[in-house]
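Values quoted throughout were computed directly from the atomic coordinates according to the rules given, and no laboratory measurement underlies them. Since the model is a prediction, treat every value here as computed from it, not as a measurement. Heads up, the Cβs are rebuilt from the backbone with ideal geometry, glycines too, and the neighbour counts pull from every protein chain shown.
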Amino acid sequence: MEADLARYYRLELADLWRGRLSLRRLAVLIRHLPADSAVAVALGGEGWTLSHYLMADMVHATTGQPHPADPRVRRAEEEKKTRLAEAVRRAELRRAELAD
């Protein structure tokens, strides 16, 4: 967070204790950090900005293949694996029921 405050706002976290930065202002600044900030990524964000998504879409449009680093592609692959594992689990349960 300290690095993000310095990078995006040219502020020091120590300003909070020096009386130059209120808790309310700190909260507002943190809440509005960009998607590629270290805080956003640490909280589970993907670190991609709108520009990143647009460039990935341009790669997809020109090559016909999704950009390999696109978080949407990774998320879709993870969801597909999860659905497949769940289907396999249900099939095994059904086989066990039928075997009894």
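Just one of the listed residues (Arg24, Arg74, Arg94, Arg10) is of a type outside the set (Phe, Trp, Tyr), over 20 Å from the mean Cα position of the chain (by Cα) and surrounded by 10 or more Cβ atoms within 10 Å (Cβ to Cβ), and it is Arg94.
Restricting the search to segment 27-80, which residues are on the phi > 0 side of the Ramachandran plot and among the hydrophobic types (A, V, I, L, M, F, W, C)? None - no residue of segment 27-80 is on the phi > 0 side of the Ramachandran plot and among the hydrophobic types (A, V, I, L, M, F, W, C), so the list stays empty. Condition check for Gln65 on (1) surrounded by 15 or more Cβ atoms within 10 Å (Cβ to Cβ); (2) part of a loop (DSSP other than H, G, I, E, B); (3) of a type outside the set (Lys, Arg): one failure, at (1).
Only one residue in Val73, Val39 is touching a residue at least 24 places away in the same chain (Cβ under 8 Å) and assigned to a helix (DSSP H, G or I). Which one? Working first, answer last.
On the way: Val73 fails: touching a residue at least 24 places away in the same chain (Cβ under 8 Å).
Val39 is the lone residue from the list that is touching a residue at least 24 places away in the same chain (Cβ under 8 Å) and assigned to a helix (DSSP H, G or I).
Pairing each residue of segment 22-36 that is over 14 Å from Met1 (Cβ atoms) with any residue that is part of a helix (DSSP H, G or I) and of a type in the set (D, E, K, R), provided the two are 6+ apart or on different chains, yields no C-beta distance under 8 Å.
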